1. Just need a number here: residues in the stretch 6-63 that are in a loop (DSSP other than H, G, I, E, B), surrounded by 24 or more Cβ atoms within 10 Å (Cβ to Cβ) and without any contact (Cβ under 8 Å) to a residue 60 or more places away in the chain.
2. In the set A131, A124, which member is touching a residue at least 24 places away in the same chain (Cβ under 8 Å), of a type in the set (G, A, S), assigned to a helix (DSSP H, G or I) and more than 16 Å from ligand 1 (Cβ to nearest atom)?
3. Quick check on the stretch 291-317: of everything there that is at pLDDT below 95 and assigned to a strand (DSSP E or B), which residue is farthest from the chain's Cα centre (by Cα)?
4. With respect to the numbered conditions (1) farther than 25 Å from V415 by Cα; (2) within 16 Å of ligand 2 (Cβ to nearest atom), which one is the sole condition not fulfilled by T305?
5. Looking at R104 and the list (1) touching a helix residue (DSSP H, G or I) at 6+ places or on another chain (Cβ under 7 Å); (2) more than 16 Å from ligand 3 (Cβ to nearest atom); (3) touching a residue at least 12 places away in the same chain (Cβ under 8 Å), which single condition is not satisfied?
6. Pairs, please: C-beta under 8 Å, at least 6 apart or cross-chain, first residue under 17 Å from N161 (Cβ atoms) and in the stretch 173-202, second part of a helix (DSSP H, G or I) and of a type in the set (K, R)?
7. Name the residue, out of S232, S177, that is assigned by TED's automatic domain parsing to the domain that holds G44 and either of a type in the set (S, T, N, Q) or under 22 Å from the mean Cα position of the chain (by Cα) (or both).
8. Tell me whether the stretch 139-148 contains one or more residues that are within 16 Å of ligand 1 (Cβ to nearest atom), in contact (Cβ under 8 Å) with a residue 12 or more places away in the chain and on the phi < 0 side of the Ramachandran plot.
Amino acid sequence: MNVQATNDICKADIIVGIQWGDEGKGRVVDYYAKDYDVIARFGGGDNAGHSIIVGNTKLALRIVPSGVMHERPVLFIGGGTVVSLAGLLGELGNLEQLGIDISRIKVSDRAHIVLPYHAAQDRANEEARGAAAIGTTGRGIGPAYVDKVARAGITFSDLRNRTVLADKIRFNLTARSGNLAGVAGLPSEEELIAQTLELAERALPHVVDGVGFIHGALEDGRRILIEGAQGSLLDVGYGTYPYVTSSHTIAGGACIGLGIGPTSIGRVTGVVKAYATRVGAGPFPSELHDEQGERLRKAGAEFGTVTGRPRRCGWFDSVAARYAVRINGLTSAVVTKLDVLSGLERIGVVTGYRLGGNRVGFESAGAPGLETEVEWFEGWMEDLTSVRSIAGLPRAAQQYLKELAGFLGVPIDHVSLGPERSQLASYGKT
Ligand code: GDP
Ligand code: IMO
Ligand code: MG
């Protein structure tokens, strides 16, 4: 038989954050989503907070993909995620109140559920770490992934069978009875089972065969946009371990988190904040501990979407960025929050790390005694929030973008100049 090779399957594009999260992924996915049929989350849970502003409507999404403000796309929560049932249903309720059709929101049967004992365990683990606490969001993300790897997790597939679900909850509670003894605020075993069975009934209409869903979409030639959560430098394998989240946040995680092969991936676009922020503990070589950091925090409204914690702020770090470009295989970038830098006489960029007089790379980001080299670029005074073209930006801002593209080594597609959907300028358009 003569078999003809075909390669007409549509590719899926990925959007990932390349710093420590909160780069503006939600805002960027919302901008791109109009051109896609499916928007898919592949990892993390409601530790993410993705903000979108369209006109006067503001959304802070935790688990629902950021294409939800467009009518067309199906929103898919992939198998690599860990999802709080109560959180998901709360978010669906809020979206429904806004008049959004939530029947388009699908959850893979492979996704794991996060239960109240995961959040309790997360907080107990943090307390036990004392001064070495990670500064997690306290949502139970780490413990839920631990259960997954330990083969004790509960999946959305398990929601279909009440007996299996109840047995798995009992098993997990018994297994952690020592750890959680004395932890306040946890429901009793029977309360938790009853609550979860009730939430399961409401979640079930959204549950789909995740592998069948995503491959059906690929085979039908539907355009898929994959939305990263967290940031590349929080990746459990390649971030600033152990000060990381518990999932693979980099582009490679999209294949695992959706059950698709690397051959199905098209473009990989990195979202890059024009400076740097981090929430929680851990290495941050370009952090500013002075009034300049305070200024960035104020101008950029850098407070966590999930926890409200002030974000640590610093200059753009080109060593970290180059590292992130490599581990993601970025094809292009979108720069966000350039408007926040207006009013600075000069803008710093960390261009090198030194340890004991020697140049070192990102692998040394957490080394005691690390020193940074800072290069300075001319700032601008103009407000950028009404600019809609690259040519309309002040010369110094255009030059700063050129420098960023040079540091990244990939082209910049768009520049975000404010949180609202329309506040953006594109290369290739005047
Ligand atoms: P994500 O987690 O990567 O989706 O980012 P977050 O939504 O947690 O944080 C980004 C914050 O910056 C949100 O409050 C956005 O509304 C806001 N934002 C996004 N892009 C811009 C921008 O270009 N300029 C300004 N000033 N704010 C922006
Ligand atoms: P988005 O998608 C910023 C950080 C936490 C903590 C570490 C581990 O909005 O960019 P976890 O609760 O995941 O175990 O916490 O990871 N973190 C984030 N920081 N943005 C996020 O998501 C984050 N998700 C987790 O602050 O340092
Ligand atoms: Mg966020």
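The values are calculated or read from the model by the stated rules, or taken from the named source; none is laboratory data. What you see is a predicted model, and the numbers here were worked out from it, not measured in a lab. With ideal geometry, Cβ positions are generated from the backbone for all residues, glycine too; neighbour counts draw on all protein chains shown.
1. 1
2. Answer to the selection: A124.
3. My answer is P310.
4. Here T305 clears every test but (1).
5. All conditions pass for R104, except number (1).
6. I193/R170; L197/R162; A200/R162
7. So the residue among S232, S177 that is assigned by TED's automatic domain parsing to the domain that holds G44 and either of a type in the set (S, T, N, Q) or under 22 Å from the mean Cα position of the chain (by Cα) (or both) is S232.
8. Within the stretch 139-148 (the criterion being within 16 Å of ligand 1 (Cβ to nearest atom), in contact (Cβ under 8 Å) with a residue 12 or more places away in the chain and on the phi < 0 side of the Ramachandran plot), the answer is yes, since at least one residue qualifies.
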